[in-house]
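I have placed the structure first, in the form of structure tokens, so that the comments after it can refer back to it.
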Amino acid sequence: MLRIECPWCGVRNEDEFSYGGDAAVDRPSDEGSPDEWYDYVYTRNNSAGKHTEHWQHVNGCRAWVIVVRDTVTHKIYSTVPASPNLPTGKAGVDQT
Amino acid sequence: MTQKFRTTDGGLIDRNRPISFTFDGKSYQGYEGDTLASALLANGVHLLGRSFKYHRPRGILAAGSEEPNAMVELRTGARKEPNTRATTIELFDGLVAKSQNCWPSLSFDIMAINNLFSPLLSAGFYYKTFMWPVSFWTNVYEHIIRRAAGLGTAPTEADPDHYEQCHEHCDVLVVGAGPAGLMAAQAAADKGARVIIADEHVLLGGSLNSEDLTVSGKPGNDWAAAQVAKLSAMDNVHIFTRTTVFGYYDHNTVAAIEKVSDHVAVPAPGKPRQRMWIFYPKQVVIAAGATERPLIFGNNDIPGIMLAAAVRTYTNQYGVKPGSRAIVVTNNSDAYRTAIDLHGAGVTVVAVVDSRTHPDAPLAAELASLSIELITGKTVGAAGGGQRVAYALLVSTQGDTEEPQRIDCDLIASSGGWNPNLHLHSQSGAKPVYNEAIFSFVPGQSRQAEVCVGAANGSFGLQECLDQGLAAGAEAAKLAGFKGKNKKPPKAGDDGDYSIEALWISPTPYNKSYKQFVDQQNDVKVSDVNLAAQEGYDSVELLKRYTTQGMATDQGKTSNVNALAILAGQRGEPIPDVGITTFRPPYVPVAMGVFAGHTVGHEFMPVRHTAIHDWNKKQGAVFIEAGLWLRARYYPQSPSDTMTDCYIRETNNTRNNVAMIDVSTLGKIDIQGPDAAEFLNRLYINNWLKLPIGKVRYGVMLREDGMVFDDGTTSRLGENHYFMTTTTANAAPVLSHMEYYHQTVWPDLDVVFCSVTEQWTGIAVAGPNSRKLLKKVIDIDLDNAAFPFMAVGECHMNKIPARLFRISFSGELAYEVNVPADYGEQAWLELLEAGKEMGVAPYGTEPLGTMRIEKGHVAGSELDGRTTALDLGLEGLSNRSKHFIGKHNSARPAMLAEGRLQVVGLKSLEPGRNLRVGAHLVDDKVTLESVSQSQGHVSATTFSPSLGCSIALGLLKDGTARHGEQIDAVFPLDDEKIRVEICHPVFIDPKGELVRA
Amino acid sequence: MHYSALSLIKHALTGNRGWTRAWRNPEPKKQYDVIIIGGGGHGLATAYYLARLHGITNVAVLEKGYIGGGNTGRNTTIVRSNYMLNANSQFYEHSMKLWEGLSQELNYNVMFSQRGILNIFHNDAQRDAFARRGNAMRLNGVDAVMHDLDGVKKLMPHLDFSKNTRFPVTGGLAQPRGGTARHDAVAWGYARGADRLGVDIIQRCEVTGFRRDGDKLLGVETSRGFIGAGQVGVAVAGNSSRVFKMVGIKLPIESHVLQAYVTEGIKPLVNTVCTFGAGHFYISQSDKGGLVFGGDLDGYNSYAQRGNLPTFNHVVAGGVTMMPCLARLRILRQWGGVMDMSMDGTPIISKTPIDNLYMNGGWCYGGFKATPGSGWVFAHTIANDKAHELNRAFTLERFREGYLLDEKGVGATPNAH
């Protein structure tokens, strides 16, 4: 059971969250080239090891968070809010 | 019904509470505290089943969950449990058990003939034959193999019992309540940590109950009982009995199964059969003990050949004599205790046969004092007997060149050494390492917050167990944040030192060959392991897969290390170089029911009802699933009404008069903020910056890959206030999608939004008389000029606060009234009442579907995730001069190329023959049998009451340019073919005059 | 050494001492015409067909562990060709035809059992979607039968047919030629077949890098030294991204873990392969008697080869809901495999931006049934430096261009395929 520490709600089970995929991809601007848009939508680093990824606390506060997790051991290193603008008491959680 | 093989006294059974049970139809008696295995042994029953492949007689090898042989079908009917280990079944009154995998009877089993053909049935034999003739595999050979395989038979009725799932947090979880576990729990609890201690058995104490040991000068079982009493009295300790921890998962979560009612015939009312626990400990102390491995010699599977420690358990804990004339055969010091305990129970011990030439002197002396013969440097080369062991043949460990020494006996207690139970440790991600001192694997470096102690750590002495348990419990509490001084461990009575020399396979008696079983349950022999290695299946995983060693229901608990050692011998490499297979959960087989818990059957998924549901139900509406929602599909007016009767009537009433439908299931999202319009502008392909207050707009959203994601209307209610609707199916995904973009991509946008799907009831009022009806109840001006098509306004419906939208899915003059959901049913009733005089009636999703097809509105079956706005005829809405999600990828070459499937209308050209969804569109040259390229398919069909013929929407290759052509709609599954005309998808009112009237 | 009933008898009489290795254990040569990276079913099948059909025998298969140790040995053994999109339908049907003669072709019994596969459905919308698929199958020459409730009852008598369940069964789409095969045997059979044609199968040989000269590969660096190659084919599904990272190619793939489970062995209970329509659950019974089943991905990127509890619970709940008598049967083992989840749910069997490097991957969780067909077209692609008609659509470039093969229509969300 992955245990993800939501910056707002505390440590919760993975089944309260939904996975949003690689958070290290940058969305191109409207002027972006077709290659940039292809990369953004389709190609992934898919690293074996530390992976920066989006999760949504979908059955909780509904915040999107950025989790750094090892894809081999599943160890979570940190969980921070995806949005800098949501009100929060603390700026993310170090789960190491 | 005498229990001839009970000891005269002793044991932890209650001799005042006899229990009756039957095995294979015969009645027996045991005592409370017995397992089925111990009770059968007390009655002299050693033959319990037949083996998997050769149907050899099999008895009881072990005394716990490692048992490979003694499996029975427990209970009958819907509660039948095949493959249940007799060694783990607590005896209860009325217990019924039956042997498995034998015919016509356990003692005479026809399939035992396989035994004679065993050279043919060597490892992997089935890969080498059964290939001719080709069709015979599925039809003949496999049929026979399948019937022969498997062990027990499954119940076929639904399980009448139920199962629970629970969660519990703690500071320290202790797995196993033997001496190490009890000490660990005590040490952690003394520091104030919240402790959970779980054990498979109902009687806690582990080996203290089955061995003749002392702690603090007390008999071990008394000390354990006192210790358990002490722990029970502590508020911060939760003791779980009959609870097997079976899985160690990520982030230190641990799963266990509690057998709440397996020790009774039927669960008490309200009680589950079993309960799954998910524990969330900060620290885990694994005190799961060790499993003895048997020695491997010829015919080592005959009933009456048992693990040495199991013999002690039966003797000491259950007061059972597993035989009358015993031989103990060993390569280590531990089994000597079996001889001593058997002797104490009055069983004749003919000899202790120790393969080592220099056994431990104190043990030798103790045997001598009891006049038990000690034979060293020899071992059992083979056993003999039919359905019960009758003799042992002794050989020198160096191999012999003469006839072996024969000793008659009816019990062989065998010990090949001990394997720490590393399952949980390995499941936690750690890698066990080989230890030369005990010739087995011990825990490696921890990967999660766990530590193994006592026998699970390869430390078999009682004092070591107590010391390690105490230290680990104290350390675990400290790591969990608790302080306090460590106490001193109690003093264990002397139980000698464990010493062992390797003996993996006994030499066979001179000039003879025997079956030497490695994996007794799957009938894997030493020769099978050797053959696998000889043929190149020589890695530990290939060996396992080729021979099936370790893959039976015991998962090789007693056979894995032996097999590994034999393979290492074959490869001529040290054991650690050969490696070890991965331990997979669960530690013991666990019923599927407990994983499912209560979310089964009707509770598999929740059901969602709208506010109108009860009324619909009272009307006798027929419902249809829409995601988790139940929607009224149509409303029969009499028992003879068919769906066709109903939807035609309801459609006609809508088209010609006025009708109402509950549309509350549409997703609804309230959006507010200065940047709301900009947000919508990026979400939808169309323009939102200039939508006036009081207006509704239809919008289309794409996914980032350019495919249409969802459609719906969004209304502007105020300066910075918008109200979005989504399709029923996409309500949740659209909300998450919006949250994703708002929080991760455009956090700078000043907008907030939330789902209000459940807060509003939506009622569409459609038909030429809809304005007339609504004028009676709505308090704003509804004249066309004042409230035109695509207008929205706040109003009251009678006294109910409401929002009114002038939108239409049916293509008729129509409105949608939204009221707070608590007023939903009231609003519905008031509308019905107001429209009574004009004949208003409800309509369901079936006529709704008909009307949307007639009107050419695309819906879920066209928005199938592979269509673009262009394919759907919606590209005209898009504004490519602004940015929106999916803009760039919807302009890729393939999205604009020829050959894409595009929405078309289809009309049956064959009167009386209706088109069907799922039919494909093909050229008339195509026969039903030919391999072809489908040109498209029929996505939605109806018999149009308005047009009087069967019409459809479809997706057709380059369809937009093909209006007027004819094509075949084929349905090969039913050998159907209908000629159709391709047409514009809007069948009625193409200019949209009705909705604007 | 030929396998037959006769050879079994002959060797039984001599104590089974005469059996020789099923494949050799050779030292790697300095140079091969073709190196296949990955000794799973696909890699071994590719090597076999290169030698058998294209006369290319100077071939090595490099495997970092033991052959068949990845997804070949971890899947739920289902074989089917019941696809809707033409490219998929035709490719998988080709594979199906190869399955139908595979034991004889390889002289190794892969226990291909055409007991049928049944997809049950629970409402009209599902029925319509299955009709579209079933009709597409028939038009592509694939067998498909639509069953009503009675038909389903005959094939799967122990499902919950009561009205009191959340999603009552209303019918099913069957492919009678579908079924199961013995997964390990497929790897072993191809290994033995390839070996007999001269292919070197080299286990415990991990590829650690590529040596290249511009857009051309010279060979591979391995844990056993450099090995030169004229062409290199990669068939390492689950780990494709890791291997291609070594040549700087970022793939449209994510790795996800898929769990599978088996119960204790029981006498025959489930006689076809059956999938649940109201939740993700599929089940069949192995010849040994265990019920083999699976369901959804765990849902997040993972290389862990093991899964977690929420998916486990959810899958089993689907199973017990579909078939309530399963509740008392016990689960023996839970395991996981790492899937190459492609961005449209369809595999990639393709040339790559590097001239003599070829890719076979992106199998999502459908790779096992494709094994013969995959090897067959991949061998063709390598031998001819050009895709076969059957894998023409499975290019790496299709994502950039937009020629997607999205059977499920969920788009670029790999964990949803």
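The values are calculated or read from the model by the stated rules, or taken from the named source; none is laboratory data. Note that this is a predicted model, so its numbers are computed, not measured. Note that each Cβ is placed from the backbone with ideal geometry, even for glycine, and that neighbours are counted across all protein chains shown.
Results, tabulated for the structure shown:
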read-out: Candidates B:Ala841, B:Ala814, filtered to the one that is under 29 Å from B:Asp670 (Cα atoms) and either in contact (Cβ under 8 Å) with a residue 24 or more places away in the chain or not assigned by TED's automatic domain parsing to the domain that holds B:Val986 (or both); value: B:Ala814
read-out: Members of the stretch B:851-863 that are within 14 Å of chain C (Cβ to nearest Cβ) and part of a helix (DSSP H, G or I); value: B:Ile853
read-out: Members of the stretch C:1-51 that are part of a helix (DSSP H, G or I) and aliphatic (A, V, I, L, M); value: C:Ala5, C:Leu6, C:Leu8, C:Ile9, C:Ala12, C:Leu13, C:Leu44, C:Ala45, C:Ala47, C:Leu50, C:Ala51
read-out: Residues of the stretch C:300-313 satisfying the condition of being in a helix (DSSP H, G or I) and either facing chain B (nearest Cβ under 8 Å) or β-branched (Val, Ile, Thr) (or both); value: C:Leu309, C:Thr311, C:Phe312, C:Asn313
read-out: Spans of strands (runs of 3 or more DSSP E) in the stretch B:707-757 with at least 3 residues more than 10 Å from every other protein chain (Cβ to nearest Cβ); value: B:708-718, B:721-726
read-out: Members of the stretch B:529-539 that are at pLDDT 95 or above and facing chain C (nearest Cβ under 9 Å); value: B:Asn530, B:Leu531, B:Gln534, B:Glu535, B:Gly536, B:Tyr537
read-out: Leading residue by the ranking (farthest from the other protein chains (Cβ to nearest Cβ)) among those in the stretch C:335-361 that are in contact (Cβ under 8 Å) with a residue 60 or more places away in the chain and in contact with a helix residue (DSSP H, G or I) (Cβ under 6 Å, 6 or more places away or on another chain); value: C:Tyr358
read-out: Number of the exception - B:Lys617 against (1) assigned to a helix (DSSP H, G or I); (2) within 20 Å of B:Trp828 (Cα to Cα); (3) of a type outside the set (Val, Ile, Thr); (4) in the same structural domain as B:Leu774 (by TED's automatic domain parsing); value: (4)
read-out: B:Met234 being in contact (Cβ under 8 Å) with a residue 40 or more places away in the chain and within 14 Å of chain A (Cβ to nearest Cβ); value: no
read-out: Residue count for the stretch B:478-502, restricted to those that are hydroxyl-bearing (Ser, Thr, Tyr) and either within 30 Å of B:Lys191 (Cβ to Cβ) or in contact with a helix residue (DSSP H, G or I) (Cβ under 6 Å, 6 or more places away or on another chain) (or both); value: 0
read-out: Scope the stretch C:114-144; condition within 24 Å of the chain's Cα centre (by Cα), assigned to a strand (DSSP E or B) and of a type in the set (A, V, I, L, M, F, W, C); matching residues; value: C:Ile117, C:Leu118, C:Ile120
read-out: Among residues of the stretch B:953-988, those that are polar (S, T, N, Q) and in a strand (DSSP E or B), counted; value: 1
read-out: Looking only at the stretch B:894-912, and only at residues there that are out of contact with any Lys or Arg (no Cβ under 9 Å at 6 or more places or on another chain) and either assigned to a helix (DSSP H, G or I) or away from chain C (no Cβ under 12 Å) (or both), the one that is surrounded by the most Cβ atoms within 10 Å (Cβ to Cβ); value: B:Leu906
read-out: Matching option when the condition is in contact (Cβ under 8 Å) with a residue 40 or more places away in the chain and either within 11 Å of chain B (Cβ to nearest Cβ) or closer than 21 Å to C:Ile331 by Cβ (or both), among C:Val236, C:Val232, C:Val273, C:Val247; value: C:Val273
read-out: Only listed residue being within 23 Å of C:Met84 (Cβ to Cβ), basic (Lys, Arg), surrounded by fewer than 21 Cβ atoms within 10 Å (Cβ to Cβ) and outside the structural domain of B:Asn681 (by TED's automatic domain parsing), chosen from B:Lys882, B:Lys957; value: B:Lys957
read-out: Residues that are assigned to a loop (DSSP other than H, G, I, E, B) and small (Gly, Ala, Ser), drawn from the stretch A:1-35; value: A:Ala23, A:Ala24, A:Ser29, A:Gly32, A:Ser33
read-out: Of the criteria (1) in contact (Cβ under 8 Å) with a residue 12 or more places away in the chain; (2) surrounded by fewer than 19 Cβ atoms within 10 Å (Cβ to Cβ), which one B:Lys618 fails; value: (1)
read-out: Lone unmet requirement of (1) in contact with a helix residue (DSSP H, G or I) (Cβ under 9 Å, 6 or more places away or on another chain); (2) hydroxyl-bearing (Ser, Thr, Tyr); (3) in contact (Cβ under 8 Å) with a residue 12 or more places away in the chain for B:Tyr141; value: (3)
read-out: Subset of the stretch C:133-169 (residues that are away from chain B (no Cβ under 11 Å) and either out of contact with any Cys (no Cβ under 6 Å at 6 or more places or on another chain) or farther than 20 Å from C:Gly318 by Cβ (or both)); value: C:Asp148, C:Leu149, C:Asp150, C:Gly151, C:Val152, C:Lys153, C:Lys154, C:Leu155, C:Val169
read-out: When residues of the stretch B:142-157 are limited to those that are within 7 Å of chain C (Cβ to nearest Cβ) and among the aliphatic types (A, V, I, L, M), the one farthest from C:Ser103 (Cα to Cα); value: B:Ala154
read-out: Selected residue (criterion: surrounded by the most Cβ atoms within 10 Å (Cβ to Cβ)) from residues of the stretch B:518-528 that are under 32 Å from the mean Cα position of the chain (by Cα) and β-branched (Val, Ile, Thr); value: B:Val518
read-out: Tally of residues being in contact (Cβ under 8 Å) with a residue 60 or more places away in the chain, over 22 Å from B:Asp554 (Cβ atoms) and under 30 Å from the mean Cα position of the chain (by Cα) across the stretch B:432-451; value: 4
read-out: Every residue from the stretch A:7-60 that is at the interface with chain C (Cβ under 10 Å from one of its Cβ atoms) and polar (S, T, N, Q); value: A:Asn13, A:Ser18, A:Thr43, A:Asn45, A:Asn46, A:Ser47
read-out: Members of the stretch B:738-760 found to be polar (S, T, N, Q) and surrounded by fewer than 16 Cβ atoms within 10 Å (Cβ to Cβ), listed by number; value: B:Gln759
read-out: Filtered residues of the stretch B:503-522 (kept if touching a helix residue (DSSP H, G or I) at 6+ places or on another chain (Cβ under 9 Å), closer than 26 Å to B:Tyr391 by Cβ and within 12 Å of another protein chain (Cβ to nearest Cβ)); value: B:Ser513
read-out: Some residue of the stretch B:809-820 being at pLDDT 95 or above, under 17 Å from B:Ile612 (Cα atoms) and among the acidic types (Asp, Glu); value: yes
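A quick yes/no check of all residues on (1) surrounded by fewer than 19 Cβ atoms within 10 Å (Cβ to Cβ); (2) out of contact with any strand residue (DSSP E or B) (no Cβ under 9 Å at 6 or more places or on another chain):
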| position | (1), (2) |
| --- | --- |
| B:Ser440 | no, no |
| B:Ala474 | no, yes |
| B:Thr508 | no, no |
| B:Lys515 | yes, no |
